[in-house]
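Engineer: Let me give you the structure first, and then I'll get to my questions.
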Amino acid sequence: MKDIQKILRTIATAATVAIVVFSCKSKLSEAQSLDLAKTPLQSVDSMYMIQSEKGRLQMRVSTPKLRRFETDTLSTEFFPDGIMVYAYNEEGDLETTIKARQASHVKDKRNNAETWKAFGDVRVRNIIKKETMETDTLYWDREKQEIYTDCYIRLYSPDGFMQGYGMRSDEKARNSIIHRPFNSYSVVVQDTTRVLVDSANFIGPLLRK
C-alpha cells in the first residue's frame, strides 16, 4: 500500500513539473514570436513638448499619440494621429506652424543619423510673411536647420501663387525656393494702403485710461 502511495506521489510530482515546464515554454514561445519592429516599446498619449534656449521659447510640439519602436539598428518614433509644430522667432513671436496627418523620427544607432519626416496633407505656414505651403511629404534636417521635399508643392503668398516639384527652405520657412516651378503667377500691382495684421501675435490696441 505504501509503495502504491509513493508511486502516485511520484506521478503527481512529475505531472506538476511537466505542466510548469510546458507553461514556461509556452510563454517563451510567445515572447520569441514578438516582432520588436512592429511592437511598441513605449506608448504615450496626448504628448506636449517644449524646446527653449536660455529661457527663450523656440518650439512647441503637440501630438495625440507617440509610439516608440526599437530594433538592433534603429530607434523609431511614430506619430500615427498627426503632429503640430509651433516655431517662434528671436523676438518670441509665433512665426511658423507645421501640421501633418502623420510623422516619424528615425535614428540610426550605428552612426546617429536622424530622419524627421511629416507626411499626409502637410501644411507649413509662415504667419509673419503670410505664406502657406502645401505638400504630401516634408523632411526636416535638424543639423542644417532646413526643411525640404521632392514632392509636388503649392506656395500661396501675398505676392502670388507658385507650384512645382521640390522645395528647400530654412526651418522657419522664411526663404522657400521651389526647384521646378510651373504654371505660377505673381501679383504685379498691389494696394499700397493695405495693412497686414499678424492675427496670431496681435493683441489689439491699447485702451485709454
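Engineer: 5 Å is the cut-off here: which amide hydrogens, built 1.01 Å from N in the peptide plane, fall below it relative to K65, excluding neighbours closer than 5 in sequence?
Structural biologist: It is S46, M47, D81, by chain and number.
Engineer: Most exposed first by the Cβ proxy, i.e. fewest other Cβ within 10 Å, how do S43, S62, S104 rank?
Structural biologist: Working: S43 9, S62 14, S104 17.
Fewest-to-most Cβ neighbours within 10 Å comes out as S43, S62, S104.
Engineer: Could you tell me how far the Cα centroid of the range 115-148 sits from the Cα centroid of the range 79-101, in Å?
Structural biologist: 9 Å
Engineer: Tell me the relative contact order for the range 120-169 as a rounded percent, counting alpha carbon contacts under 8 Å between residues six or more apart. Please list the in-between numbers first.
Structural biologist: Details: 92 pairs, mean separation 14.9, N = 50.
Once normalised by length, the contact order is 30 percent.
Each reported figure results from applying straightforward, stated rules to the coordinates on display, with no laboratory input. Treat the numbers as computed from the prediction; the structure is a model and nothing was measured. Cβ atoms come from the backbone with ideal geometry, glycine included; neighbour counts cover every protein chain shown.
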